[in-house]
Amino acid sequence: MNNQVKRFFAAFVLIAFLVLTTMSAPAWAAPAKNVILLMTDGTSSTHITLSRWYKGAPLALDDILVGGLRTYSADSLITDSAPAATAFATGFKSNSKFLGILPETTTTPGAPAISPNDQFKPVATVLEGAKLIGKSVGLVATSNIQHASPGGFSSHTPFRDRYPLIAKQQVYEDIDVVLSAGRQYMLPKALGGTRDDGINLIDVLKSHDYSVVNSRDEMLAFKGNKLWGLFAADAMQFEMDRKDLAPTEPSLAEMTRKAIDTLSQNEKGFFLFVEASKVDWAAHANDPVGVISDLLAYDDAVKVALDFAKMDGQTLVMAFADHGTGGISIGNKDFYKIYDKLPFEAVLGPLKKATYTGEGMDQVLGDNRSEFNIRLQMSQNYSIDDLTSDEITAIQKGPHKRAFAGVIGPMLSKRSAIGWIYTGHTGEDLFLYAYGPNKPTGLIQNTDIAKITAQSLGFDLAATDRQLFVDAAKAFAGIDALTRFDDSDPANPVLIVEKGILRASLPIDTNLMTVGKTTYRLPGITVQIAKTGKVYVPQKAVDLLKSNGW
Ligand SMILES: [Zn+2]
């Protein structure tokens, strides 16, 4: 090639590059139209290894392993689920039990110091940010929907156990699709629920044009775009127990598919968070069968998300866990001298004979705890024929429901060379899985999940914070208005804003503001942080009063 041809060729390549990049990726385009986050609570690599051996084939997850995830919280090397969810949802590490708010204390090396003014401050979640730019948003979980992980994306409180409060905030977050459980926290005591404030949140949902469904069939038949599914009073059954003990409940994969089908009707795209909640509960109970049951159900849900993302081409999928639980090991102390001679059958044989999880066995045994029935059921459902008298007594005197797995789980673990450190969380790095545009690789922080999600969908979390959570006392003082509380109904306090004869009221934990005879639906909820008494409102509340002549 002579020099002239070379120059011409170089110029052609440059122009072609510029034309192609301008055409295919305008500077303003977000990398992804949709983001799906899938989380398995309390799952380290060994939980996954064991489940793969049990399945006897590769997992959907195996194809999309991209790196690792660091999990510590602002003040502990081992995180609680609430600050972990807060990190995934908001991009900030926080403290135990804190949902969607900044920490009170930071002690972990590298964790940024917290200024007294920012302690407990609500911060925007990626679900709220996605909603604000016109995307549809959804939550799917097998625990009650008010539980820590889905709660971290959809509520703001330092008390993760206050399910009635979290339920109310979630209802007024205007989430398009919720498929989960926890009906009792939505209903007043008079209707069999646990709410003290007399409010029927299911009626509120219906008045907001939601279809509220209670069974798999109702869910599958639904056509529309605003859907709440509440499939149990508290949590859903483990996948392994579902067919026999709760046939009206959908699987996690079915809920995920329905959520994607419904949310993807929005031309602007969607954000979806899916959680396999009970892998953690099984691991807390040291029940390997419960872990395998719901980890494989999770993998099926991951496959549903991946199938959609592969067809769609504009969807980022990220899958991860929040922490390890139990410190599970393949191999235990009884096998110290023969750990290098541990055949497949020694570990998986006993596990594959189980037909119910530990929690399921509590329901199978029912009230009949005679030695005869215990030996019969443990033989039929676990092929365990060598129960000791201590084990029989433990089953007879054991606690019920979720806690009963803590009786059965260790019996099965001992017989299958499975070890456990204890019944708490653990602090190791975890696997990170991702597929699609803008997918991360390498070792990242749990807080990076929020940052990558926001960046992929094309919004800024800090700007979303400034839109959704301004200090109410300061902001209303800025328009010469005063704030006070109406506590006449202590369970439902209302923020009152007054200027001369003008008056506005904002019920706490809702997105409502009433001025005169008009009630506005704000783009976010009003939150009062009990620990500081401070109230935070969306900037829109202040702007609306200004435009009303305040
Ligand atoms: Zn957790």
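The values are calculated or read from the model by the stated rules, or taken from the named source; none is laboratory data. Because the structure is a prediction, the values reported are computed rather than measured. Note that we place each Cβ from the backbone using ideal geometry, even for glycine, and neighbour counts take in every protein chain shown. Please note that ligands, DNA and RNA were not included when accessible areas were found on the heavy atoms of the full protein model with its side chains. Shrake-Rupley method; radii C 1.70, N 1.55, O 1.52, S 1.80 Å.
Going through segment 485-506 one residue at a time, which ones are among the small types (G, A, S) and in contact with a helix residue (DSSP H, G or I) (Cβ under 7 Å, 6 or more places away or on another chain)?
Once the filter is applied, which keeps residues that are among the small types (G, A, S) and in contact with a helix residue (DSSP H, G or I) (Cβ under 7 Å, 6 or more places away or on another chain), segment 485-506 yields only A504.
Take the residues in segment 354-370 that are over 18 Å from V279 (Cα atoms) and open to solvent by 10 Å² or more (accessible area, probe 1.4 Å), then tell me which one is nearest to the chain's Cα centre (by Cα).
It comes out as Q363.
Go through segment 393-419 and give me each residue that's open to solvent by less than 60 Å² (accessible area, probe 1.4 Å) and within 30 Å of A305 (Cβ to Cβ).
A405, G409, I418
Could you go through segment 326-347 and let me know if any residue there is closer than 22 Å to L139 by Cβ and either more than 16 Å from the ligand (Cβ to nearest atom) or within 18 Å of the chain's Cα centre (by Cα) (or both).
no
Inside segment 481-492, can you point out the residues that are in contact (Cβ under 8 Å) with a residue 40 or more places away in the chain and open to solvent by 20 Å² or more (accessible area, probe 1.4 Å)?
T483, D489, A491, N492
Of the residues in segment 493-550, how many are surrounded by fewer than 19 Cβ atoms within 10 Å (Cβ to Cβ), in contact with a strand residue (DSSP E or B) (Cβ under 9 Å, 6 or more places away or on another chain), of a type in the set (S, T, N, Q) and not in a strand (DSSP E or B)?
Total meeting the criteria: 2.
Consider L220 against the criteria (1) farther than 25 Å from G313 by Cβ; (2) not in a helix (DSSP H, G or I): it satisfies all of them except one. Which criterion is unmet?
Every condition holds for L220 apart from (2).
Can you pull out the residues in segment 473-520 that are touching a Ser or Thr at 6+ places or on another chain (Cβ under 6 Å) and of a type in the set (S, T, Y)?
Within segment 473-520, S505, T514 qualify.
For residues in segment 281-325 being over 24 Å from R415 (Cβ atoms) and among the polar types (S, T, N, Q), which is farthest from the ligand (Cβ to nearest atom)?
Q314
Within segment 3-58, restricting attention to residues that are of a type in the set (D, E, K, R) and at pLDDT 95 or above, which residue is nearest to the ligand (Cβ to nearest atom)?
Only one residue tops the list, namely D41.
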